[in-house]
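Worksheet: one structure, shown below.
What follows draws every value from the coordinates through simple rules; no lab data is involved. Nothing here was measured: the structure is a model prediction, and the numbers come from that model. Positions of Cβ are backbone-derived with ideal geometry, glycine not excepted, and every protein chain shown enters the neighbour counts.
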Amino acid sequence: MKKSVAIGIAGVTAVVVAAWRQVQRDNTLATDTGPAPAPVAKPEPPASQSLFTPSVNEKSTKAELYEVATELKIEGRSKMNKTELLDAIRAAS
């Protein structure tokens, strides 16, 4: 019996603590009147770059690269591996 009471009290305590933390977060957000951060301007791309620069890199999946290659109408894309797709996209854009 003592064990179930202890578990019950611990559960109730956890709920109360979580609710209190949420109230504190809500109050902090409501009273935060600091200045909004200034927007960061994007640098202009160099003139040598194409107007369309897909956002792909080495971390992109092969499926993502294949989709971009399809949009760019790269020939032979179905037979390319991930590295070849990435190189072809960079060359086409």
Legend entry - Radius 14 Å from Cβ of VAL56, net charge of other residues (Lys, Arg +1; Asp, Glu -1): -1
Inset, instruction - Please give, to one decimal in nm, the separation of the simple spin-label points placed at THR83 and ARG25, each 7 Å out from Cα toward the Cβ. - result: 4.4 nm
Legend entry - Spin-label pair LEU72/ARG90, simplified geometry with 7 Å Cα→Cβ offset, distance in nm: 1.0 nm
